[in-house]
Amino acid sequence: MEPYPGVFVPNEATEEWESDPEVPGSVMHELVHADGLQAGMTRFTQVDGPVPWTPQQREVAMILEGSVRIELADGGTLELGVGDLFSLPPGRDTTWHITTPFARHDLAHHHAVQGDVGPGRGVGRRHRRRDAPP
């Protein structure tokens, strides 16, 4: 929701969720995609096994609902639940073991493109599944 020009206010109960075709079982709600920042929420309602995930830019997220175990390609593991804030660097291969229902608030740095403003730009699309074509 954009109550004033350039001011965006989300609500976890928003009706503005859309399917993310790149990540089966998830939906996304983009708050803003402007000024070098992408922010929104991602929700998983069902998961059929581990989800491979590689952020294309620095990612910062907070768990809003559920929990996740994130395995890092180098062997490290993160156990995260509601209220946990975390950050992943670009290009870091991970595998997510998600307990549904699961929701997170996402922030990601990106290179701004003129006219790249407002909701609906696909916050979930800033990630690339390792098993998906580039």
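The values are calculated or read from the model by the stated rules, or taken from the named source; none is laboratory data. Everything quoted here is computed from the prediction, not taken from an experiment. Here Cβ is always computed from backbone atoms with ideal geometry, including for glycine, and neighbour counts include all displayed protein chains.
When you scan the stretch 81-98, how many residues do you find that are over 14 Å from S26 (Cβ atoms) and touching a Gly at 6+ places or on another chain (Cβ under 8 Å)?
2
Considering the stretch 44-67 alone, what residues qualify as being in contact with a Lys or Arg (Cβ under 8 Å, 6 or more places away or on another chain) and either part of a strand (DSSP E or B) or hydroxyl-bearing (S, T, Y) (or both)? Even if it seems obvious, please write down each step before you answer.
Going through the stretch 44-67, the residues in contact with a Lys or Arg (Cβ under 8 Å, 6 or more places away or on another chain) turn out to be 51-57, 59, 61-65.
Across the stretch 44-67, the qualifying residues are V51, P52, W53, T54, P55, E59, A61, M62, I63, L64, E65.
Can you confirm whether L31 is aliphatic (A, V, I, L, M), within 14 Å of the chain's Cα centre (by Cα), surrounded by fewer than 16 Cβ atoms within 10 Å (Cβ to Cβ) and at pLDDT below 85? Steps first, answer last, please.
Details: aliphatic (A, V, I, L, M): yes; within 14 Å of the chain's Cα centre (by Cα): yes; surrounded by fewer than 16 Cβ atoms within 10 Å (Cβ to Cβ): no; at pLDDT below 85: yes.
In short, no.
Hey, among P10, P52, which residue is modelled with pLDDT under 85 and not hydrophobic (A, V, I, L, M, F, W, C)?
Numbers: P52 fails: modelled with pLDDT under 85.
From the options P10, P52, the qualifying one is P10.
Could you give every pair whose Cβ atoms fall below 7 Å, whose first residue belongs to the stretch 65-94 and is modelled with pLDDT of 95 or more, and whose second residue is of a type in the set (F, W, Y) and outside any strand (DSSP E or B), counting only separations of at least 6 or pairs across chains?
Nothing qualifies.
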